[in-house]
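The numbers here are math on the coordinates, done by the rules we state, and not lab data. Being a predicted model, the structure only gives us computed values, none of them experimental. Cβ atoms come from the backbone with ideal geometry, glycine included; neighbour counts cover every protein chain shown.
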Amino acid sequence: MQALLEAVRPGDEEDALARAIDPERLPAHIAVIMDGNGRWAKRRNLPRVAGHKAGMRAVRTVIETCSQMRLKALTLYAFSVENWKRPRTEVEMLWRLLRAYLHTELAEIERQEIKLTAIGRLEALPNQVRAELEDAIAKTAGNRGMQLNLAINYGGRAEIVDAVKALVEKAKHGDIVIDEQAISSHLYTAGIPDPDLLIRTSGEMRVSNFLLWQIAYAELYVTPTLWPDFTRADLLRAILDYQRRDRRFGGLAGSRETTSRETSSRNPRAEVTGVEALGMPTR
Ligand code: FPP
């Protein structure tokens, strides 16, 4: 957080927003659906690809700011399994932007000690994109800072299918327990905490097949701002909004401190006070 406070200009809006954030209650993991590049371009009578190019500024800003706050992880939805349906020129431009990002920003990623990872069906990426991505991932693998996780050729349902396939394969070689932990640990995101905050730009109220399992208890923040216009101040506003939420995880207000499960394991009689004891769904 100190790095962010040093980066903002004293006295301006970003400074006030950064100071209003409680550094003890930062989300560990933010996930972002970067939407609205096409609309941004259309409003300016520009080709859609110009919107993606303009979106790269917001990509850099969000990565740098989350890294300065020392978040554990940031996941950006860069390319979905459905995005292949777009015109070939647009898909090619997205690959070009990803490669350009890796070329120009690798030194900065290293400087910020960011560990780069990627999730999705990466085997289907064009060879050169895949090779350069894997190279950057390998180069940053030992970094101790924030994990920057790019979702590329990613689909939430495809991910669950892949996890189930891996579990079935394991079951052929011995007994396995199928529980939530088993599924989580076979997702592409194994080892990364679930997102606490999911940000979507450009106003659509959808999750678009993004981290379907992992966002079970994420706080959703949708802003009408189009992705290329999303600024550091917008990100800080999203985090402040998140910090005002009462996260109950299916329990009652403040139940994170002492959950009914924790209470009942210490004192079996306390079980009757839990919502579960009333036979109500703990949603
Ligand atoms: C959605 O806007 C955006 C995308 C499908 C691509 C986002 C990708 C980038 C900004 C580049 C990613 C690169 C890195 C390094 C992370 P849209 O085209 O669906 O917008 P629209 O809904 O207004 O048409």
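Under 19 Å from a point 7 Å along the Cα-to-Cβ line of ARG244: which residues of the range 15-37 have their amide N that close? It comes to 15-27, nothing else. Rg of the Cα atoms in the range 45-204, relative to 2.2 N^0.38 Å, amounts to 1.12. Holding the Cα-Cα limit at 29 Å, pick out from LYS85/LYS172; LYS85/LYS165; LYS72/LYS139; LYS53/LYS85; LYS53/LYS115 the pairs that are longer than that. The answer is LYS85/LYS172. Across the range 70-83, coupling constants 3J(HN,Hα) worked out from phi with the 6.51/-1.76/1.60 Karplus curve, θ = phi - 60°, read 6, 5, 6, 8, 10, 10, 10, 8, 8, 7, 9, 4, 7, 5 Hz, and Gly and Pro carry x. Take the Cβ atoms of LYS42 and ALA7, set R0 to 25 Å, and the FRET efficiency comes out at 0.15. The phi torsions of the range 201-217, fed into the Karplus equation with coefficients 6.51, -1.76 and 1.60 and a -60° offset, translate into couplings of 8, 6, x, 6, 8, 9, 9, 6, 6, 10, 6, 4, 6, 6, 8, 3, 10 Hz, rounded to whole numbers, with Gly and Pro shown as x. Counting only DSSP beta bridges whose two residues both lie in the range 24-270, roughly 0 percent are antiparallel. Residues whose amide H comes within less than 5 Å of that of SER80, counting only those at least five positions distant or on another chain, are ASN153, TYR154 (H built at 1.01 Å from N in the peptide plane). For LYS115, the amide hydrogen comes within under 5 Å of the amide hydrogens of GLY145, MET146, GLN147, LEU148, counting only partners 5 or more places away or on other chains and with H modelled in the peptide plane.
With r as the distance between the Cβ atoms of ALA141 and VAL91 and R0 = 30 Å, compute the FRET efficiency 1/(1 + (r/R0)^6) and round to 0.05. About 0.60, to the nearest 0.05.
Taking amide H atoms as placed 1.01 Å from N in the peptide plane, the amide H of LEU197 lies under 5 Å from those of HIS29, ALA31, GLU219, each 5 or more residues away in sequence or on another chain.
Shape annotation for the range 3-137: C-alpha extents along the principal axes are 45, 37, 24 Å, from largest to smallest. When the chain is described by a simple charge dipole with +1 on each Lys and Arg Cβ and -1 on each Asp and Glu Cβ, the residue from THR61, GLY174, VAL129 located farthest towards its positive end is VAL129. Computed about its Cα centre, the charge dipole of the chain is approximately 700 debye, with only Lys, Arg, Asp and Glu carrying charge at their Cβ. Couplings 3J(HN,Hα) of the range 231-241, computed from phi: 10, 4, 4, 4, 5, 5, 5, 4, 5, 5, 4 Hz, in residue order, whole Hz [Karplus 6.51 cos²θ - 1.76 cosθ + 1.60, θ = phi - 60°; x for Gly and Pro].
Computed over the alpha carbons of the chain, Rg followed by Dmax gives 20.5, 67 Å.
What the Cα convex hull of the range 150-191 gives, in volume per residue, is 71 Å³.
Note on ASN83 and ALA253: the model spin-label points, each 7 Å out from Cα along the C-beta direction, lie 4.2 nm apart.
Highest mean packing first, where packing is the average number of other Cβ atoms within 10 Å per residue, the peptides 34-47, 173-186, 118-131 line up as 34-47, 118-131, 173-186.
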